[in-house]
Amino acid sequence: MSRNLIMKKLCCVTVYALLALVSGVSVEPAAGTVAGGVASSGEARLAFFVHVFYGQMRHVPRLLNRLHHEDNYYVTHLDAKAAGTKAERHYQDMFEEQRGRWPNVADLRPSRRVAYDGVSMVELTLSAVTLLLGMGPWSYLITLSPHDYPLLPQPQMRAALGSLPPHLNFVSHASAAWDESGRWWSLSRVPAVVLDRNLYMSNAEDAIVQAKGNRTIMPLFREFPTAFDVYRGEPWVILDRLFAEYLILGTDGWARRALLYMANFPTPIEHYFPTVLCNSQTFRPLVIRDSLRNFFQSDEEASEVALGPLDVTALASAGHLMAVLPGDKVAERSYDALDEYLDGITNAGKGSVALGRVSARLRFVMNNNATCDFT
């Protein structure tokens, strides 16, 4: 091993140890863990980041209870816009109640104001990645919202990801030159210049400001870059640890240049990760164009969405890792139905059947969606 490589590894260990010291989370690996974040049982050790926007707090304790495993790591963040509200008190109470039971769950501090449409969402996610890298060895990072729900018990989810070839990244993406209707974004130009005031204002009522444009002062559009391609995808991703380390510690500067470009880009959280991945010669071959999430399709005009046993079975039978529910319209009994399904798998010993469905889907997406190329 070269001297430079040894020094780089020592530097990384020092950085991670300092990060863990600041977070107050132990970095001692759990029993049965081997190098690379894979347990001796063959299961992948997982890291989760859950960002909680104001108004989503009621789903968080249930999600963490369903996701929790003593050999994983978790970071959560409550948007600073919830300061002084019931949501903040419930969030603090959750950590107090579970302090002894959840030693591997960390709260990302200080809390900050975040806008989904602005670069503050990417900055927050990278801060969570940095903290998780310092908490201990893991194989995959899964980013979530409180509207996600696992479709597998943790042992089966860890086994499914542990069976994969190393260093894959699951990011649903497409060429950013196309809008949602399949038309070119105004002759390959980026619509709007976006300012995310959360980066520099402590209480910005209008966090996201789009430049109105002026023929003589500021154009309505920017041209797409010619030095690299821009990709667009879902905001929630599954990233390999090697790529996560590259985002924070990479020395070639590409990840930071992409972040600077995205600073005034519309919805950078949908563009940053697929753009960095698909423009890297190292990571491009390791991209799987699937997020392993199943979105529940509901009537947009319905005031309430209620999932029954048949809906839950349909969500789970497709072989995804997570279900994504349509926001605050979901009735509480829908989560009860999901709980009953997951409890049924665990108690009846049917986890291997569910794992088989997920493994089959993983083989399918690796054979058919392993590409950054579009025609």
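Numbers for the structure displayed
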{"read-out": "Residue that is surrounded by the fewest Cβ atoms within 10 Å (Cβ to Cβ), among those in the range 67-89 that are within 23 Å of the chain's Cα centre (by Cα), over 21 Å from GLY134 (Cβ atoms) and not acidic (Asp, Glu)", "value": "ALA80"}
{"read-out": "Yes/no for ALA258 being in contact with a helix residue (DSSP H, G or I) (Cβ under 8 Å, 6 or more places away or on another chain), within 27 Å of HIS320 (Cα to Cα) and of a type in the set (Gly, Ala, Ser)", "value": "no"}
{"read-out": "Any hit, the range 286-293, residues being within 25 Å of ALA159 (Cα to Cα), assigned to a helix (DSSP H, G or I) and open to solvent by 10 Å² or more (accessible area, probe 1.4 Å)", "value": "yes"}
{"read-out": "Counted residues, the range 294-314 - those being under 21 Å from LEU338 (Cβ atoms) and part of a loop (DSSP other than H, G, I, E, B)", "value": "10"}
{"read-out": "Hits in the range 219-230 - residues which are surrounded by fewer than 21 Cβ atoms within 10 Å (Cβ to Cβ), closer than 22 Å to ILE208 by Cα and either acidic (Asp, Glu) or in contact with a His (Cβ under 9 Å, 6 or more places away or on another chain) (or both)", "value": "GLU223"}
{"read-out": "Verdict on VAL305 being buried (at least 20 other Cβ atoms within 10 Å of the Cβ), in contact with a Phe, Trp or Tyr (Cβ under 8 Å, 6 or more places away or on another chain) and touching a residue at least 12 places away in the same chain (Cβ under 8 Å)", "value": "no"}
{"read-out": "Matching residues in the range 155-184 - criterion: being at pLDDT below 60, open to solvent by 30 Å² or more (accessible area, probe 1.4 Å) and on the phi < 0 side of the Ramachandran plot", "value": "TRP178, ASP179, GLU180, SER181, ARG183, TRP184"}
{"read-out": "Residue in the range 266-284 that is of a type in the set (D, E, K, R), in contact (Cβ under 8 Å) with a residue 24 or more places away in the chain and closer than 24 Å to PRO166 by Cα present", "value": "yes"}
{"read-out": "Total residues in the range 308-347, condition among the aromatic types (Phe, Trp, Tyr) and open to solvent by less than 20 Å² (accessible area, probe 1.4 Å)", "value": "1"}
{"read-out": "Contacts under 9 angstrom Cβ, first residue in the range 106-129 being basic (Lys, Arg), partner open to solvent by 50 Å² or more (accessible area, probe 1.4 Å), 6 or more apart", "value": "ARG112/GLU123; ARG113/LYS81; ARG113/ARG197; ARG113/MET201; ARG113/SER202; ARG113/ASN203"}
{"read-out": "Spans of helices (runs of 4 or more DSSP H) in the range 231-282 with at least 1 residues farther than 14 Å from LEU141 by Cβ, open to solvent by 30 Å² or more (accessible area, probe 1.4 Å) and of a type in the set (D, E, K, R)", "value": "254-262"}
{"read-out": "Inter-residue pairs, beta-carbon under 9 Å, first on the phi < 0 side of the Ramachandran plot and without any contact (Cβ under 8 Å) to a residue 24 or more places away in the chain and in the range 327-345, second open to solvent by 10 Å² or more (accessible area, probe 1.4 Å) and of a type outside the set (Gly, Ala, Ser), 6+ apart", "value": "GLU332/ARG58; GLY344/LYS350"}
{"read-out": "Where LEU63 falls short, out of the listed (1) of a type in the set (A, V, I, L, M); (2) touching a residue at least 40 places away in the same chain (Cβ under 8 Å); (3) within 30 Å of LEU260 (Cβ to Cβ)", "value": "(3)"}
{"read-out": "Criterion: modelled with pLDDT of 90 or more, among the basic types (Lys, Arg) and closer than 29 Å to PHE243 by Cβ - qualifying residue of ARG89, ARG112", "value": "ARG112"}
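Okay, residues lined up against (1) part of a loop (DSSP other than H, G, I, E, B); (2) out of contact with any strand residue (DSSP E or B) (no Cβ under 9 Å at 6 or more places or on another chain); (3) closer than 23 Å to LEU141 by Cα:
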| residue | (1), (2), (3) |
| --- | --- |
| GLU70 | yes, yes, yes |
| VAL75 | no, no, yes |
| GLU96 | no, yes, no |
| ALA106 | no, no, yes |
| ARG109 | yes, no, yes |
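The values are calculated or read from the model by the stated rules, or taken from the named source; none is laboratory data. It should be emphasised that the depicted structure is a prediction, and the values quoted were computed from it without experimental measurement. Every residue, glycine as well, gets a Cβ built from its backbone with ideal geometry; the counts of neighbours run over all protein chains shown. Note: areas computed on protein heavy atoms with side chains; ligands, DNA, RNA excluded. Shrake-Rupley method; radii C 1.70, N 1.55, O 1.52, S 1.80 Å.
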